[in-house]
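Accompanying notes for the structure given below.
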Amino acid sequence: MRARSLTTAVYIRVLLLLISLGTAAGGVAYFMARADVERASDHSLILSANMLYALMQEELAAAPAASFPATLLSSEDKLAFRTGARSRMFAVFVHGTCIVHSEDAPSPDIIPQTPGFHYFDHGLWRAYGLEIPQHGLRIVVAERRADIDQTITSFLRQITLPLNILVVASAILLWVMLRSGLAEMRRLSLQLDRRSFHDLEPLDPQVWSRELSGLVGKLNTLLERVRTGIQHEQMFTDAAAHQLRTPLAALRLHAELLTRDAAIASNRIQPLLDCVTQASALIDRMLLLARLDTTAPAMTEFDIAALIATVLSSHALLAVQSGVAFSFEIHAMCRIVSDQALLEIALAALVENSITHAACGGAIDIHVHDLRKGALCMVCIDIADRGPGIPKSCRSRVFDRFYQLREGYGGGHGLGLSIAARAIEILDGTIELGDRIDGPGLVASILLPQPCSLA
């Protein structure tokens with residue numbers, strides 16, 4: 001399962017918070033804008049009603065008090081009203097009778113004559129009634145609700161694009177700020193990722209910010225505990241190996257002395273010597289594994305052919321006793337960059353394993369060649385025997401410590417391949433197991449990365 005990104009998680013949470021706040025602010029702004037528009041509309045209705053009354057002053061002064069002509073508003077006055085308020089209607093009532101109204105006004109029968117603000121025609125109109133008691137007049141000016149909604153919609157359309165641009169810009173700026181703010185954590189992660197297994201030196205808390213100094217301090221405490229634990233394990237392993245070697249050496253000495261006594265059957269002493277030999281070999285391998293776990297590679301340039309020749313010569317006697325012959329071919333760079341001691345340990349373990357399982361009279365073929373995997377340059381060392389091989393279902397486990405295909409298989413302890421795998425792992429390489437293509441047998445391939453300049 002892929003790990004979650006802290007930057008993305010914080011960004012999503014902050015962005016959701018900003019969206020929520022923006023939505024709430026937008027809702028508040030909408031209702032405030034609507035209230036302001038309605039107040040402005042009401043104020044405009046009052047002004048329109050008073051403007052109509054002002055336009056009637058001359059006609060009202062000239063007309064008899066008992067009756068007013070339908071020409072209270074001339075065509076020029078109506079045009080002036082329409083010019084000043086195109087979306088409004090008006091109606092003038094004298095003692096309850098409509099004597100004049102605008103062309104787009106609804107039927108006078110549904111127009112309320114009550115003073116003040118009110119709605120009519122199922123809420124389609126917002127009206128204001130101005131009462132003139134001395135003349136018995138009521139001037140009603142109304143505006144369609146749809147026009148108010150259109151004004152608000154137009155206002156929202158005008159601010160939507162700038163707001164959207166602002167939201168997108170804020171989201172981008174927020175992402176950049178979060179990435180920049182968490183860059184130090186990525187730098188800390190990268191620094192830890194570049195460390196090898198053996199690099200347990202504490203981090204410098206002075207180069208990190210105050211927010212990360214606490215985390216760095218805890219990491220240093222953890223590194224110190226790990227380093228102390230490894231040291232204690234190494235000390236225990238060394239002490240245990242030393243304490244076990246002493247009685248084993250004494251036991252071997254006494255067993256060898258007993259074999260010189262003709263009165264004692266040597267066939268009873270030889271199994272004891274074999275057990276002592278196996279126990280000594282087991283202790284040596286366990287000690288070697290423990291040391292490998294705390295070994296840092298020392299990379300140098302050396303001759304790979306000379307190293308393989310050294311390993312083969314050191315196993316020549318064992319090969320002769322097992323009836324096995326070596327063949328060696330190199331079709332690659334002669335000099336490689338690696339840790340010579342670690343590679344020698346791995347080669348020795350694999351060669352010894354091949355000798356143990358190779359068929360008597362067979363051959364162990366060692367082939368060195370170059371290999372490229374994408375942009376990576378590698379040197380490949382193939383060690384092929386003529387033994388029974390390893391079933392594919394078991395190949396993923398044969399590198400586990402003390403694992404054997406069958407109990408007592410090959411007379412070993414199940415540590416040889418573990419030692420080889422651990423040594424190659426320290427060198428950032430891998431060991432792959434395969435089958436021979438020219439018959440039965442196992443092929444163990446060591447793959448080591450190399451600078452392409454040496455290829």
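Summary table below
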item: In sequence order, calculated HN-Hα J values of the stretch 160-166 (Karplus, 6.51, -1.76, 1.60; Hz; x Gly/Pro); result: 5, 4, x, 5, 4, 4, 5
item: Burial order of peptide ranges 129-137, 315-323, 21-29 (average beta-carbon count within 10 Å, highest first); result: 129-137, 315-323, 21-29
item: Taking Met32, Met56, Met185 and counting other C-beta atoms within 10 Å, the order from fewest to most; result: Met32, Met185, Met56
item: Packing-based ranking, highest mean first, of 43-52, 338-347 given that Cβ atoms within 10 Å are counted; result: 338-347, 43-52
item: For Cys377, Cys334, order by how many other beta-carbon atoms lie within 10 Å, fewest first; result: Cys334, Cys377
item: Pairwise label distance in nanometres, Leu219 with Leu18, each label 7 Å out on the Cα-Cβ vector; result: 2.9
item: Spin-label model distance (nm) - Ser5 vs Ala341, 7 Å beyond Cα toward Cβ; result: 4.4
item: Potential extension, Lys373-Arg34 segment - 0.36 nm per residue separation minus Cα distance; result: 115.2 nm
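Taken together, the values in this text are just the output of simple stated rules run on the coordinates, not laboratory data. Quick caveat: nothing in here was measured; it's all calculated off a predicted structure. Note: ideal-geometry Cβ built from the backbone for every residue, glycine included; neighbour counts use all protein chains shown.
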